[in-house]
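The values are calculated or read from the model by the stated rules, or taken from the named source; none is laboratory data. Given the structure is predicted, the values throughout are model-derived calculations rather than measurements. FYI the Cβ positions are ideal-geometry reconstructions off the backbone, even for glycines, and counts take in every protein chain you see.
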Amino acid sequence: MKNKLLLFIALAVISGIIPCHAQSNPTAGLPLPPPDDFPDIPSPDDPPPMFDDFPPPLTPDEFDFPDPWDIPFPGPFDIPDIPDLPDPFSSPSDFDLELPVLGHSPVAFTPEPLPLPFFPSFAGTNGTTSQVRACDPARDTRIFLPDQRGQVDVLGTCPQRNLRTIPLHFQPNGVRADRAGAVLIVTSLDSPEVAIIDAETYTVSYVSLSSSFGDIFASSVAFSADGSLAYIANHSASKPFVAIFDMASRRVTTTLTGIGPFPSKVAVSPDGTMLWVSCRGDGTLHVFDTRTNAKIAMFNVIRPLGITFNPTGTRAFVAAANDFAPGTIEVFDAEKLTRITSIPTGFVPQTILISPTGRHGFVNNLNSSFITQFDPVRLTFVRNINTKAAVSGMGFIRR
Amino acid sequence: MRLLLAICVFVIPAISIAQPKIYQRRIANSASFAAAGLPAGGIARGSIFSIIGENLGPAGLIIANNYPVGTTLSGVSITVTRGQTTVDALPIAIANNGGVVNAIMPSNAPLGPVSVQVTYNSIKSNPVPATIVNSSFGIYAANAGGFGPGILQNFVSAASTPINTLTQPAKPGQAVVLWGTGLGPITGPDNVTPPAGNLPTPVKIFVGGVSAQVSYSGRAPGYAGSDVLVFSVPSNAPLGCWVPVYVFTDNAITSNVVTMAITADGSPCASSDTSHALSQTFATGGRFGLVQLFRSSIREDIGTSRTYDVVTDGVQIDLRSESAGLFSYNPAFSLPPPGACTVYTVAGNVLDRDPVPGVTPTGAYLKGGTSITVSGQAGGAKIVTPSRNPQSYSQLGSKITGSALADTTMLSPGNYTVTTTAGADVGGFTTSVTVPSPLTWTNRDQISPIIRTQGLTVSWSGVTDGQVVFVTGGVTDVPTNSSGVFYCVAPAGATSFTVPPEILAAIPATRSLTLQSRSLVYLGMAPGAGSAATFTAQGIATGIAMPVYMSGKTVIFK
């Protein structure tokens with residue numbers, strides 16, 4: 001044991017504190033007489049260093065991913081988790097929503113949806129809304145829906161109603177709310193500008209994205225963690241980049257280049273440290289460090305579209321669309337920046353949703369009449385939920 | 001042949017020059033390993049920090065052996081950049097086949113958010129964010145994981161400064177040397193042997209929650225980047241095998257919490273505390289079993305449109321073998337002595353899914369039966385099959401007020417019988433558990449928001465003799481995937497307890513966006529040593545069966 005102890009001391013303390021042979025009296029000068037028997041120094045032949053002294057990692061037999069009722073650790077430290085309320089998709093008949101075919105219209109929600117309970121719902125273009133089951137008026141959520149007629153429809157979810165139509169002078173492609181739900185950016189593939197909507201007053205201001213960097217036709221927007229920056233993908237074959245848009249000055253300050261053609265989606269990790277960009281033009285996925293704007297990883301993914309993270313940011317999920325075959329969700333370890341597995345989907349998976357608890361995942365399939373549900377913890381397919389038509393807009397609302 | 005040669009020429013270099021990769025959120029104080037999202041997650045100027053990743057350096061254990069320390073060690077260099085300012089960190093150890101690099105953060109490193117990048121053989125890694133602070137102390141722990149028994153030396157005499165262990169505890173009044181890193185910058189160079197001398201960083205040390213007198217806080221002479229604190233064990237410090245010790249610097253940041261053994265006369269620790277019925281059994285090692293019937297009642301009223309009371313009943317059978325050791329420690333059994341608190345900081349989502357580290361056995365989990373029957377006095381019985389053998393928690397029932405869910409709870413106060421079938425390692429057994437009336441948390445609905453600098457006082461009534469009351473809780477900061485949880489044991493007979501500000505300083509604040517945090521406080525009770533029921537079974541030497549009750553509430557920590 002003494003050797004073990006000495007080894008530990010040497011490794012946990014001394015190995016980080018050099019040079020070893022120069023330390024004949026480490027407590028000299030302290031208000032204590034120095035010990036004579038100070039630890040030895042490890043030799044190169046010693047066993048591996050301190051990280052091998054960590055408690056061994058749990059094996060699958062020892063710790064499997066818990067089910068919703070599972071308690072993670074034994075003894076007095078058990079902190080029972082609140083169980084999920086009933087799964088809204090417990091049977092196909094529960095999913096009796098009218099699901100109109102939408103345009104290329106990711107929807108935005110404000111205020112932030114809350115976790116109990118949650119289920120995806122859908123709202124359509126042309127004023128068509130879905131039928132949602134019983135809801136709590138206190139949880140009324142606004143849906144901002146880009147309408148191909150050149151407007152943004154603002155819908156209330158409880159009761160379902162049209163709250164406002166916000167006319168635009170371009171055809172919107174997508175809309176993104178910041179994390180606080182205070183500001184939305186509407187993009188257009190037809191105009192080199194974005195519309196910025198105040199979520200409270202519904203006032204619209206237009207900002208030209210034309211600058212020394214060239215025209216920008218925005219395909220996707222993501223906000224930084226503090227909302228001060230917007231990352232805007234320039235949907236270009238010849239000059240693709242991500243523009244960094246300063247929300248305060250309302251101008252493009254710089255660009256992130258070195259990505260593939262036709263960037264289709266940008267997403268910021270929950271802690272704000274990484275920006276992921278999918279480029280459907282050449283089937284590449286790019287990861288940037290937001291502090292330095294340096295590219296830190298690149299992956300090949302067949303026609304990558306939507307990107308999302310689990311709430312803790314440990315996993316990134318990327319919708320990969322095959323041209324003539326069902327697609328997949330490609331799952332990445334967002335900390336080690338490695339690909340983990342694939343989860344099968346329908347044709348052309350697009351928007352991936354992960355529930356606020358990180359336990360339920362859904363993806364719409366643009367060319368299939370069903371939504372795919374998957375398990376973001378076990379990283380497995382759960383089931384396909386039939387819909388009346390393909391769904392292209394999807395998000396969680398509060399019930 | 002030429003083709004083979006060409007392949008070798010082009011393939012071998014490609015293999016040997018793999019790009020270094022730093023894992024995201026894996027830069028931490030080398031003693032505490034506090035996750036980046038936690039209050040102590042910053043890297044102190046002048047401290048030793050760890051970079052974890054792959055291909056960060058050569059294989060084998062490489063240690064810098066000479067002063068002055070260079071900015072390159074075996075081809076590995078590290079830059080720390082903020083804006084236009086870049087400094088070189090000092091690599092001092094490379095381990096785990098290039099998976100870990102330990103380095104000294106220069107005392108002149110720029111404060112605030114920085115990017116850290118490793119270069120190995122001229123190939124740069126990805127930049128990874130970190131935050132540089134003046135001080136953030138980490139105490140070295142025996143398991144090199146930042147928790148459990150710390151690296152402390154009892155000062156007996158000039159010739160005898162043994163490491164504090166279960167067999168060599170300190171005694172009240174004794175001087176102790178604590179090892180760590182992160183006290184703050186020094187004015188001299190970091191790459192040479194540092195001189196002795198107190199650093200200006202304000203320091204407090206708490207032993208079992210009692211403030212200790214500090215006689216030295218500064219660099220360890222001769223040990224660049226490493227600090228020692230010399231303090232006296234307070235005369236009124238609680239005794240026990242696992243007395244929490246933590247350091248509070250700059251009147252703001254709490255270190256990781258380690259433990260030390262303290263006995264009245266310095267004799268070997270006998271785990272005489274009563275915090276957990278199996279503490280003694282765990283400390284001495286062996287094969288044992290624990291049957292627990294849980295009831296938790298959680299008030300969910302943060303981020304919800306109405307108040308929900310969620311009651312969950314469950315059963316857990318934990319069968320394991322443990323090896324005794326000088327540094328034996330397990331968060332489930334090595335509880336603080338009455339009146340003290342500890343903290344676990346974790347890179348994970350502890351309040352939702354991930355385990356507190358260190359709960360796995362030093363020996364092995366024993367395989368018991370896969371069917372558990374819980375029978376109540378009212379005649380009802382439920383048979384559950386753990387989803388994973390052998391230590392799974394299985395739900396027995398639940399109830400949510402205001403929902404259409406049926407009430408399936410069963411663990412009302414009364415007598416219950418738990419029976420399990422035989423498994424490969426442990427025979428089948430039957431034991432009785434008496435569930436007492438639950439305590440009443442008298443100020444549950446008045447505690448939130450909790451101002452961390454003011455402490456947290458909880459009050460209760462209705463606890464019978466032999467029950468140990470504990471207060472636990474914490475925050476999971478979801479976007480950074482980090483958690484801080486505290487665990488306190490109330491003194492016997494108490495009806496209130498205050499979690500001190502220094503403990504709460506170790507957990508993060510609740511975020512304003514409710515989806516980004518999970519914040520809870522629990523008040524619970526379980527039988528102490530001598531009060532829990534016992535059972536016998538083939539394959540284990542000791543069996544304990546107990547009820548555990550936890551009343552919880554969602555809260556906001558500010």
Just to verify a result, which residue in the stretch B:225-239, among those that are polar (S, T, N, Q) and assigned to a strand (DSSP E or B), is nearest to the other protein chains (Cβ to nearest Cβ)?
B:S226
When you check A:T312 against the structure, is it within 14 Å of chain B (Cβ to nearest Cβ), among the hydroxyl-bearing types (S, T, Y) and part of a loop (DSSP other than H, G, I, E, B), yes or no?
yes
Over the stretch A:149-177, the set of residues assigned to a loop (DSSP other than H, G, I, E, B) and surrounded by fewer than 22 Cβ atoms within 10 Å (Cβ to Cβ) is A:R149, A:G150, A:C158, A:P159, A:L168, A:H169, A:F170, A:Q171
Suppose we keep only residues that are touching a Phe, Trp or Tyr at 6+ places or on another chain (Cβ under 7 Å) and at the interface with another protein chain (Cβ under 7 Å from one of its Cβ atoms) within the stretch B:344-358. Which one would you say is farthest from B:S482 (Cα to Cα)?
B:G358
Condition met for A:G313 (free of Cβ contacts under 8 Å to residues at least 24 places away in the same chain and at positive phi):
no
What strands (runs of 3 or more DSSP E), lying completely within the stretch A:331-389, carry at least 3 residues that are touching a residue at least 24 places away in the same chain (Cβ under 8 Å) and crowded, with 20+ Cβ neighbours inside 10 Å?
A:349-354, A:361-365, A:370-375
Selection status of B:T284, in the same structural domain as B:L523 (by TED's automatic domain parsing) and either of a type in the set (D, E, K, R) or touching a residue at least 40 places away in the same chain (Cβ under 8 Å) (or both)
yes
Can you tell me which residue is farthest from the other protein chains (Cβ to nearest Cβ) among those in the stretch B:318-343 that are under 17 Å from B:V499 (Cβ atoms) and of a type in the set (A, V, I, L, M)?
B:A340
Going by what's in this entry, would B:V114 be described as touching a residue at least 60 places away in the same chain (Cβ under 8 Å) and either crowded, with 17+ Cβ neighbours inside 10 Å or among the acidic types (D, E) (or both)?
no
Find the residue count for the stretch A:261-274, including only residues that are buried (at least 21 other Cβ atoms within 10 Å of the Cβ) and either away from every other protein chain (no Cβ under 14 Å) or within 21 Å of A:Q171 (Cα to Cα) (or both).
4
The correct count of residues that are more than 23 Å from the chain's Cα centre (by Cα) and among the β-branched types (V, I, T) in the stretch A:202-253 is 6
Please go through the stretch A:244-273 and give me each residue that is within 24 Å of B:Q24 (Cβ to Cβ) and in contact with a Phe, Trp or Tyr (Cβ under 7 Å, 6 or more places away or on another chain), ordered by number.
A:I244, A:T255, A:L256, A:T257, A:I259, A:V266, A:A267, A:V268, A:S269, A:P270
When restricted to B:A144, B:A103, the only residue in a strand (DSSP E or B), free of Cβ contacts under 8 Å to residues at least 60 places away in the same chain and within 24 Å of B:V257 (Cα to Cα) is B:A103
Which of the residues belonging to the stretch B:167-185 are crowded, with 23+ Cβ neighbours inside 10 Å and over 23 Å from B:T254 (Cβ atoms)?
B:P169
Reported set for the stretch B:176-201 where residues are at positive phi and free of Cβ contacts under 8 Å to residues at least 24 places away in the same chain is B:G197
Within the stretch B:501-508, identify whether any single residue is surrounded by fewer than 22 Cβ atoms within 10 Å (Cβ to Cβ) and either without any contact (Cβ under 8 Å) to a residue 60 or more places away in the chain or under 23 Å from B:D313 (Cα atoms) (or both), and answer yes or no.
yes
Closer than 25 Å to B:G358 by Cα, in the same structural domain as B:A509 (by TED's automatic domain parsing), out of contact with any Leu (no Cβ under 6 Å at 6 or more places or on another chain) and among the charged types (D, E, K, R): is that true of B:E300 in this structure?
no
